[in-house]
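What follows is a set of notes on a single structure, which appears directly below.
The values are calculated or read from the model by the stated rules, or taken from the named source; none is laboratory data. The model shown is predicted, which means the values in this text are computed figures rather than measured ones. Here the Cβ positions follow ideal geometry from the backbone for every residue, glycine too, while neighbour counts run over all protein chains shown. Surface accessibility is based on the protein's heavy atoms, side chains included, excluding ligands, DNA and RNA. Shrake-Rupley method; radii C 1.70, N 1.55, O 1.52, S 1.80 Å.
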Amino acid sequence: MSELLAVTREVFDEVMVPNYAPAKIIPVRGEGSRVWDQEGREYVDFAGGIAVNGLGHCHPKLVEALKTQGEKLWHLSNVMTNEPALRLAKKLVAATFADKVYFCNSGAEANEAALKLARRYAIEKFGEHKTQIIAFHQGFHGRTFFTVSVGGQAAYSDGFGPKPADITHVTYNDLAELAAVISDNTCAVVMEPLQGEGGIIRPTDAFAKGVRELCDKHNALLVYDEVQSGVGRTGDLYAYMGLGVTPDILTSAKALGGGFPIGAMLTTNEIAAHLKVGTHGSTYGGNPLACAVAEAVIDVVNTPEVLSGIKQREQLFRAGLDAINAKYHCFSEVRGKGLLLGAVLNDDYKGRSRDFLLASIDQGLMALVAGTNVVRFAPSLVIPEADIKEGLARFEKAVAQVVNA
């Protein structure tokens with residue numbers, strides 16, 4: 001038997017490509033909304049793996065699904081289909097506007113598929129001129145070269161050579177600016193119904209509906225990136241349901257697998273028909289293990305009890321953050337929806353979101369940032385009230401650590 005290697009944070013610097021700068025701690029076990037590191041120290045998890053662990057860590061229904069499927073079938077190529085993929089697709093179709101589903105491994109892949117399909121549909125139906133994609137500044141749609149170019153943050157796409165062409169960026173929540181650039185050459189408008197990486201920005205109702213109307217006017221597809229906002233995160237199964245706007249294509253990932261890698265693109269029969277045999281694919285897309293776990297996620301999340309509970313938990317978070325701010329006066333507002341919330345730093349603490357993140361780790365709390373000015377929270381959708389209170393108490397200590405430094 002080979003001797004187990006000693007695993008420390010220093011090993012990362014020795015053997016891993018340096019595109020990440022992980023924390024000094026290494027978590028080794030999780031249960032519910034609590035996580036323990038190598039030293040046995042406990043943390044309350046308000047990060048959820050960046051809105052991925054929608055049911056917390058090691059949820060019994062997900063563990064059961066993984067174990068059961070793991071003793072049956074792990075992988076097939078897409079030369080064949082499989083039962084978990086078909087069951088999951090039927091449930092997604094039944095629960096949404098969609099008629100058809102495409103499975104892949106991540107949000108970036110789901111968005112890549114959506115963008116390719118939008119271009120293909122527009123070109124085949126209207127002609128070679130209809131290729132413009134409009135997206136929004138501060139948007140985030142993944143790290144493939146196509147999706148990172150559509151994402152509205154140049155820092156992620158610069159420095160890799162010529163970018164994919166015919167992509168235009170406008171200001172989120174500015175309908176007049178969108179109206180000025182959209183035309184009959186536009187094939188799609190791509191937007192997050194709640195911007196995540198860009199700072200937890202909600203669309204106004206008028207903006208959301210106006211984007212839909214402009215797309216209809218110019219025969220452009222409306223693509224909703226629900227990688228972060230979907231699967232219950234906002235209190236609806238998908239955020240579009242709370243906006244009263246139906247997209248033509250929707251992408252989903254992150255919480256869809258509850259921590260197991262999976263992505264999905266959902267669309268209508270008419271649009272799906274343009275992704276003919278051989279035009280796109282994914283080796284692991286529709287993997288039986290991933291689909292079995294995701295089916296369990298949908299079964300748990302898509303219930304009145306869980307969805308209404310998300311909205312109740314949002315109010316607990318907001319009240320707790322308001323109470324902290326009343327004492328320390330460091331936030332200008334708390335924005336977002338459901339359990340995707342952002343505490344926006346005021347001018348006195350502008351640019352210091354990472355300081356609050358690191359202080360939170362010191363105090364036994366896992367949190368996130370959304371840019372340099374927003375502390376982001378994306379906990380389990382079923383986080384117990386006691387864990388919310390304890391996590392907020394630890395966050396208050398982190399805030400005090402920063403403010404009093």
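Worth pointing out:
- Inter-residue pairs, beta-carbon under 7 Å, first touching a residue at least 24 places away in the same chain (Cβ under 8 Å) and under 14 Å from Ala118 (Cβ atoms) and in segment 128-145, second among the hydroxyl-bearing types (Ser, Thr, Tyr) and open to solvent by less than 30 Å² (accessible area, probe 1.4 Å), 6+ apart: Gln132/Thr186; Ile134/Thr186; His141/Thr147
For (1) part of a helix (DSSP H, G or I); (2) within 13 Å of Ile200 (Cα to Cα); (3) among the aromatic types (Phe, Trp, Tyr); (4) open to solvent by less than 10 Å² (accessible area, probe 1.4 Å), each residue gets a yes or a no:
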site: Val306; (1), (2), (3), (4): yes, no, no, no
site: Lys311; (1), (2), (3), (4): yes, no, no, no
site: Glu314; (1), (2), (3), (4): yes, no, no, no
site: Phe317; (1), (2), (3), (4): yes, no, yes, yes
site: Asp322; (1), (2), (3), (4): yes, no, no, no
site: Asn325; (1), (2), (3), (4): yes, no, no, no
site: Ser332; (1), (2), (3), (4): no, no, no, no
site: Ala343; (1), (2), (3), (4): no, yes, no, yes
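- Candidates Phe12, Phe97: the one that is aromatic (Phe, Trp, Tyr), open to solvent by less than 70 Å² (accessible area, probe 1.4 Å) and at pLDDT below 95 is Phe12.
- Any chance Asp174 is of a type outside the set (Phe, Trp, Tyr) and open to solvent by 60 Å² or more (accessible area, probe 1.4 Å): no
- Selected residue [open to solvent by less than 40 Å² (accessible area, probe 1.4 Å), in contact with a Lys or Arg (Cβ under 8 Å, 6 or more places away or on another chain) and in a helix (DSSP H, G or I)] from Ala85, Ala118, Ala114, Ala108: Ala108
- Residue pairs meeting the criteria (Cβ under 9 Å; at least 6 apart or on separate chains; first touching a residue at least 12 places away in the same chain (Cβ under 8 Å) and at positive phi, in segment 192-208; second part of a loop (DSSP other than H, G, I, E, B) and surrounded by fewer than 24 Cβ atoms within 10 Å (Cβ to Cβ)): Gly199/Gln138; Gly199/Gly371; Gly199/Asn373
- Total residues in segment 1-56, condition touching a residue at least 40 places away in the same chain (Cβ under 8 Å), in a loop (DSSP other than H, G, I, E, B) and under 22 Å from the mean Cα position of the chain (by Cα): 9
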